[in-house]
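To start, the structure under review is shown below, and the notes come after it.
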Amino acid sequence: MLLNTVAVLVVQVLGRLRVWHDDREVDAGPPARRLMLGVLALNAGRLTTRRELIESLWGERPPSSAVNVLHTHTKHLRRLLDPRHSPRGQDGVLSTVGDGYLLRLPDDALDLLRFRRTVAAAQQAASRGDPARAATLFREALRLWEDDDPLCDLPALEDHPKVWGLKTERRRAQLSYWDLMLRAGNAAEIIAALAVQGAANPLDEAVQATLIRAYQATGQRAIAFERYEATRRALADELGVEPSGELRQAHRQLLEEHENRDPPTIPRQLPAPVPDFTGRADELALLDTAHTRRPPGIAIICGTAGVGKTALAVHWAHHNRERFPDGRIHLDLRGDDAQHALSSYEALGRLLTAVGVPDHDIPADTQSRTARWRTETDGRRLLVLLDNAATADQVRPLLPGTHDTLMLITSRDRLATLAALHGAHRIELDLLPHPDAAHLLRRLLGERAGTDPGSVDTLAAICARLPLALRLAAEYAAAQAHLPLAGVVTRLHRAGPLDLLDWGGAAAIRHVFDCSYRLLDPEAQRLFRLLSLNPAPHSTPACVAALADLDEIGAARLLHRLASAHLLRCDTLGRYGFHDLLRAYAAEMSLATDGDAERQAATDRLLDHYCETAVEAGDTLYPGWSGSRRHAGLALEPGGVTLSPDAALSWLDSELASFGTICQFAVRQGRPERAVTLAAALHRYLEAGHGTEALSIYACAIDAARQLADRQGEAHLRTNTGVILRLLGRYAPAVEELSQALELCRRTGNRHGQARALSNLGIIEERLGDFTSSAARHSEAIALYRDIDDPFGQAAALTNLGNLEESIGEHAEAAQHLLAAHDIFATLGERSGQAIALCNLGQIYTALGDDTLAVAKLREALDLFREIEHRDGEATALSNLGTALCRQAKFDESLCHLEQALDIFRSTRHRYGEASVLNAIGETLHTMGRDGEAAQRHRLALEIAAETGDEDERGRATAALESLAEAREAPPDE
């Protein structure tokens, strides 16, 4: 048996107009219909005349169709409010009665009716002598309201008499509730809401009198007096009247209490602000937000040593001292010194003394001191700056019981539990942005900075944009007044900033780093030191695990500890690193603490990690190549790591900027074979659009191979270099590298290497127009690959031969070879090769006139290229797809694909691809009749082809330009 459920209807008018069925909000329709519903809801249970509705919707000038419009709105509102009944029915929620409409809603269905019913119950409880129950009911009634006025989203009803009446009902309920709360001694619970109402209603004497009583009850007498004076002046200036009896009575009670009390102690303990404070606009704004939110509570400024946490806190506190009329306290918790850090017990004693508690009244135990501190701060608007906090446990007993006081805390630790358990607002302070760092130096250095801006920028970089280091560097420069600023920079470079800035006592760079380092446990200290051995700018948890000989869980735990202490920074990709000064300090500590054998073992583990992970990533992404490379005679073996395709590509992308640095580091460490291994393992990834990075990596690795007399490794790397140079359109140096590689392979009998070099030479000869030699090169490469039984190599060479045949018009043979290559790649699970074959097949089918099949193959290729993030392949597929779509007269889509391809080729500096796609765009534009734009694109293609020597695209551009010129000169048709 099926049961039908009926949706529960709720209509809200105490704020925005909203309609709900169960817990789902529904759209009440256009503004006019919403306005009509608002008026009906205000009259719920009573007749609303057509005249009232027409005046509400149109004022004094209704249209002639007003009644018909009302009928239409009524039909839609019935369907909205009561979908079970017919829109024409008269027994539903909304019915037509005579010359008007009646909205029948149960009390629980309309917040206005619930509000009135609850207020009536509260008033009855108060009259029966039950103030606690009355306060609870008033609070429930007021919670039905949103923060704004009734029907606030319908401005046409702003002056409606019933809206004004509702505002009056709300005000009376608020005043009754506040009075009950004050009588019960619960002023602290309502003062924030009262302050908001007082600010919004400066001339409402009843609200102002209640607010003054609340300030008095919470001990904020100074603010209470200020509020009375501000109200008195506003009444005189705006209305020309004196305060009424209720406001005068609140003032009189305030005066009587004031006469019987000793003046409170107002501490003013802030240190002097740091001179030449610079930047930090975003952080200052965050502090403003932390204070203005209700309740203000706790703000934490955390960051590494010397980053300017205290300077920021003190600067903000001085600029906002008027917000804290009950005082400003500063207490150094000395958390940067484990031996001398203040205990919570000591800190509470100093805080109580600061607010005027006599020594003999300060309790003898921590728990009692915490209770007394909360009593003394209750209702007081204090700023308490707790400087250099060590841990959340040190701070937690110091937190007040209410949020009238703002606790501003600085720490090198993130104090995570304060944020998690106490809602602390945390501000992570990073190094100064370079413009701000340079600006601070210019202010500190004065005229010397203006004459040598380059040295200022260099000095900012040497100091890692760390504010403390910048100030010490400026002071050092001032002490070397006989030197030009460039000379100061030279000295800092030669001696190292840690040496020349290691003065100033507690402010010395080494001292502040020492304080943070000494707070670490021995495991974390060891990892901090060893991290300096990694020359890359960042370290992943897996890299750190290898470096320190840990499992990844243990490495992640220690990395989190170092990041929480702000001795490391973690980026959005989960990689860890530190700024240059901390790196130099960690390196010093490692040299002083770790033995040569331990440091070398850590370095070897690091290099093995990079090499083994690169091999595994290449094997995962390019499985066909993993079999082919064994024929190359390269010592490339994956380690114990297992990677998914996504993880492999993510690792390669994230480490791309580090590979060249790691290769150079391997050579410096006497491990040139690691540089050869790493570079050789990366070649499939690097040729997918990372040409600039590849050339520097290969240059270093070739030198390493020559140092090792590794001719097979050198030949492989020279072929890789030739491939990259070819992709960049630099054909002459590419031929030189490939020819050297071919000669090395012939000397060593490396047939796999010979085949690779021959095939790539064949591609270049095709580009340069030597088709006969190109065909011979490809055929020889295919034969060599077959002889050594290398299916991947065969497929690659077949692809290249198919491309050549396509370019000379032998489309059937080209398709045959490309299909064979695709099938081999598919068997090997080689997605990159499959995509290349599909892409080239699409181009052939376009030439054969089978546009539908061409588009299908090209879309399949495009998806594959995007899956493996092969940028150059993606651009080629987009270009070929654009050409095919042009043939189908889908010109806008064609141009969109071609422009995307051009952007990618330009970003990867693929010069042949750029010229090819420019020609394709020109051809599409010509087909669209936009010959002027077409000629412009062909001329750009011609310039590139002339520069690279590419005969194919040069001839294509030249022919197109000649055809366009002939078309311009030809006489118009008769």
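Rule-based calculations on the coordinates, nothing more; no lab input. Bear in mind that the values here come from a model prediction, so they are computed numbers and not experimental data. FYI the Cβ positions are ideal-geometry reconstructions off the backbone, even for glycines, and counts take in every protein chain you see.
Please report 589, 407, 928 as a ranked list, fewest other C-beta atoms within 10 angstrom at the top and most at the bottom.
Exposure proxy ranking, most exposed first: 928, 589, 407.
Under unit Cβ charges (Lys, Arg +1; Asp, Glu -1), what dipole magnitude, rounded to 20 debye, does the stretch 610-740 have relative to its Cα centre?
That gives a dipole near 360 debye.
To the nearest 20 Debye, how big is the dipole of the stretch 434-509 about its Cα centre, given +1 on the beta carbon of each Lys and Arg and -1 on that of each Asp and Glu?
Computed charge dipole of the stretch 434-509: roughly 40 debye.
In Å, what Kirkwood hydrodynamic radius results for the stretch 605-833 from the alpha-carbon pair distances?
Answer for the stretch 605-833: a Kirkwood hydrodynamic radius of 17.7 Å.
Exposure proxy check: 777, 706 ranked by fewest other beta carbons within 10 Å?
706, 777
Mind listing the phi-derived Karplus ³J(HN,Hα) values for the stretch 95-106, rounded to whole Hz, using 6.51, -1.76 and 1.60 with θ = phi - 60°, and x for any glycine or proline?
3J(HN,Hα) across the stretch 95-106, in whole Hz: 10, 8, 10, x, 9, x, 9, 10, 9, 9, 10, x.
Quick one: give the max-minus-min coordinate of the C-alpha atoms of the stretch 2-142 along each principal axis, largest first, in Å.
Projected onto the principal axes, the Cα atoms of the stretch 2-142 cover 57, 50, 26 Å.
Per-residue counts of other Cβ atoms within 10 Å, averaged by peptide: what ranking do you get for 654-663, 305-314, 742-751, highest first?
Ranked by mean Cβ neighbours within 10 Å, highest first: 305-314, 654-663, 742-751.
Hey, could you get me the Stokes-Einstein D for the stretch 309-396, Kirkwood radius over alpha-carbon pairs, 4 °C and 1.567 mPa s, rounded to whole µm² s⁻¹?
94
Taking H as built 1.01 Å from N, whose amide H comes closer than 5 Å to the amide H of residue 429, not counting residues under 5 places away?
It is 302, 303, by chain and number.
May I ask which residue of 546, 573, 530 lies farthest towards the positive end of the charge dipole of the stretch 520-594, with charges of +1 (Lys, Arg) and -1 (Asp, Glu) on Cβ and the Cα centre as origin?
Comparing the listed Cα positions along the dipole, 573 ranks first.
Please state, to two decimals, what the Cα-based radius of gyration of the stretch 677-781 comes to when divided by 2.2 N^0.38 Å (N = residues).
That works out to 1.01 for the stretch 677-781.
Are there DSSP H segments in the chain that both extend 30 Å or more along their axis (alpha-carbon positions) and score a mean Kyte-Doolittle hydropathy of at least -0.5? List them, or say none.
645-668
More than 14 Å apart: what percent of Cα pairs in the stretch 402-441 qualify?
The calculated P(r) of the stretch 402-441 puts 60 percent of pairs beyond 14 Å.
Can you put 127, 779, 64 in order of Cβ neighbours within 10 angstrom, beginning with the fewest?
Fewest to most other Cβ atoms nearby, the residues stand as 64, 127, 779.
Projected onto the charge dipole of the chain (+1 at Lys/Arg Cβ, -1 at Asp/Glu Cβ, origin at the Cα centre), which of 519, 110, 877 gives the Cα projection farthest towards the positive end?
Result: 110.
Over the Cα atoms, compute the radius of gyration (one decimal) and Dmax (the largest Cα-Cα distance, rounded to a whole number) for the stretch 837-969, in Å.
Both quantities, over Cα of the stretch 837-969: 14.1, 48 Å.
Cα to Cα, under 18 Å, and not fewer than 8 places away if on the same chain: which lysines meet these conditions relative to residue 857?
890
Out of all DSSP beta bridges in the chain, what portion is antiparallel? Express it as a percent rounded to 5.
Just about 45 percent of them are antiparallel.
Mind checking which of 582, 556, 593 is farthest towards the positive end of the stretch 520-594's charge dipole, using Cβ charges of +1 (Lys, Arg) and -1 (Asp, Glu) about the Cα centre?
Comparing the listed Cα positions along the dipole, 582 ranks first.
Report, by chain and number, residues whose modeled amide H sits under 5 Å from the one on residue 326, excluding near sequence neighbours (fewer than 5 apart, same chain).
Long-range HN contacts for residue 326: 381.
With a 10 Å radius around each residue's Cβ, average the other Cβ atoms per peptide and rank 615-623, 27-35, 759-767, highest first.
Peptide ranking by packing, descending: 759-767, 615-623, 27-35.
Can you list residues whose amide H is under 5 Å from residue 26's amide H, if they're 5+ apart or on another chain and H is modeled 1.01 Å from N?
So residue 26 has HN proximity to 19, 20, 21.
Once all Cα-Cα distances of the stretch 281-429 are split into 10 Å bins that start at 0, what whole-number percent is in each one?
Over the stretch 281-429, the share of Cα pairs per 10 Å bin runs 12, 45, 36, 7, 0 percent.
Report, in debye and to the nearest 20, how large the dipole of the stretch 191-334 comes out about its Cα centre when Lys and Arg carry +1 and Asp and Glu carry -1 on their Cβ.
Here the stretch 191-334 has a charge dipole of around 480 debye.
Here are labelled values, [x] 82, 42, 28; [y] 69, 48, 26; [z] 72, 36, 28, and one is the computed semi-axes √(5λ) of the Cα gyration tensor in Å for what I pasted. Which one?
[y]
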